[in-house]
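See below for the structure under consideration.
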Amino acid sequence: MPVARHHTIVKAVYEEARRRIGDRQIPTELIDPSRTLYRSIDQQYVKINTNGIFPKQYANQALVIRDQAMDTNRFSGQSFDPNIPAKGGLYCSSQQQAQINELLHYARSEKIVVGPTQIRSLPRDSKTGFPRSDAALNRKCIVKIRMMSSVLAADLSPHNMGARRFVEDVGGAPGVQSAFRIAKVAQRPMWDELCDGQDCSVARGIGLAVANSTYLNALQVATVRPSERSAEEIGDNLVFFGSNGQQVPGLWIEEAYLFPLAGDPQVYPVEFG
């Protein structure tokens with residue numbers, strides 16, 4: 001799990017990014033409501049009716065923010081400073097495979113409780129050493145989400161020509177460079193810092209700056225989770241921000257996918273019931 005290891009860097013990046021966001025320097029994209037999003041949830045939230053319907057009141061648990069007080073996600077969570085409001089995040093993927101990549105990545109450290117005192121890892125592939133895809137997917141449910149209206153997102157994905165420039169400009173600010181010196185961390189290119197899958201100090205500072213802006217509704221970024229099929233197959237995340245227990249508004253879950261250990265994925269419509 002990524003953590004923000006250097007709190008002075010989080011604060012300095014937040015302050016510089018927030019200033020530039022206030023001056024409308026951050027690149028943006030108006031995300032069209034035709035965009036389909038995907039998100040995985042634990043099977044504990046899945047309640048399929050006898051008629052094969054996933055009731056919306058249960059499915060909507062996939063839209064609830066839960067990490068505001070945590071230090072486990074890249075762009076959302078604790079701020080470590082009383083003057084910086086913490087915000088939780090709802091992480092969605094724009095591509096099905098990107099969502100599966102994320103799910104398989106986190107499965108590497110996932111444990112299974114099989115008894116009062118017995119815990120074991122997921123079954124692993126004998127060649128790669130990674131958790132088997134079928135075993136990891138079998139424990140999850142992926143929901144397909146539609147947006148009910150357009151969303152203005154800060155766009156720091158590699159597809160946007162201005163994204164890298166914005167991130168590097170934040171890193172070049174005197175306050176940010178000073179924070180790296182205080183933390184005794186050798187500063188790499190800021191884009192590499194943003195995409196670090198272990199230390200999310202830079203990502204957290206930028207994410208919270210977006211979350212606390214007055215006009216941005218989300219953050220679009222590339223996932224840092226690799227694909228087993230291709231190094232080029234990455235995909236984008238769209239992160240919505242809010243407070244713990246809050247359901248992100250304007251999102252509608254259409255259907256859900258369950259993955260048996262054998263056979264094809266099972267598709268369930270999501271309806272009121």
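The values are calculated or read from the model by the stated rules, or taken from the named source; none is laboratory data. Here the structure is a predicted model, which is why all the values come from computation and not from measurement. With ideal geometry, Cβ positions are generated from the backbone for all residues, glycine too; neighbour counts draw on all protein chains shown.
Values computed for the structure shown
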| quantity | calculated |
| --- | --- |
| Entirely in segment 160-202, the helices (runs of 4 or more DSSP H) that have 2 or more residues that are within 15 Å of His6 (Cα to Cα), free of Cβ contacts under 8 Å to residues at least 60 places away in the same chain and touching an Asp or Glu at 6+ places or on another chain (Cβ under 9 Å) | 190-194 |
| Sole residue being crowded, with 18+ Cβ neighbours inside 10 Å and at pLDDT below 95, chosen from Tyr38, Tyr14, Tyr45 | Tyr38 |
| Residue list for segment 58-79, filter: part of a helix (DSSP H, G or I) and either free of Cβ contacts under 8 Å to residues at least 60 places away in the same chain or of a type in the set (D, E, K, R) (or both) | Tyr58, Gln61 |
| Residue check, Gly235 surrounded by fewer than 22 Cβ atoms within 10 Å (Cβ to Cβ), within 25 Å of Ser150 (Cβ to Cβ), modelled with pLDDT under 95 and in contact with a strand residue (DSSP E or B) (Cβ under 9 Å, 6 or more places away or on another chain) | yes |
| Residue list for segment 139-161, restricted to those being charged (D, E, K, R) and within 25 Å of Tyr45 (Cβ to Cβ) | Arg139, Lys140, Lys144, Arg146 |
| Selection from segment 34-52 of residues that are in a loop (DSSP other than H, G, I, E, B) and either of a type in the set (A, V, I, L, M) or touching a Pro at 6+ places or on another chain (Cβ under 8 Å) (or both) | Val46, Lys47, Ile48, Asn49, Gly52 |
| All positions within segment 149-159 that are in contact with a helix residue (DSSP H, G or I) (Cβ under 9 Å, 6 or more places away or on another chain) and part of a loop (DSSP other than H, G, I, E, B) | Leu156, Ser157, Pro158 |
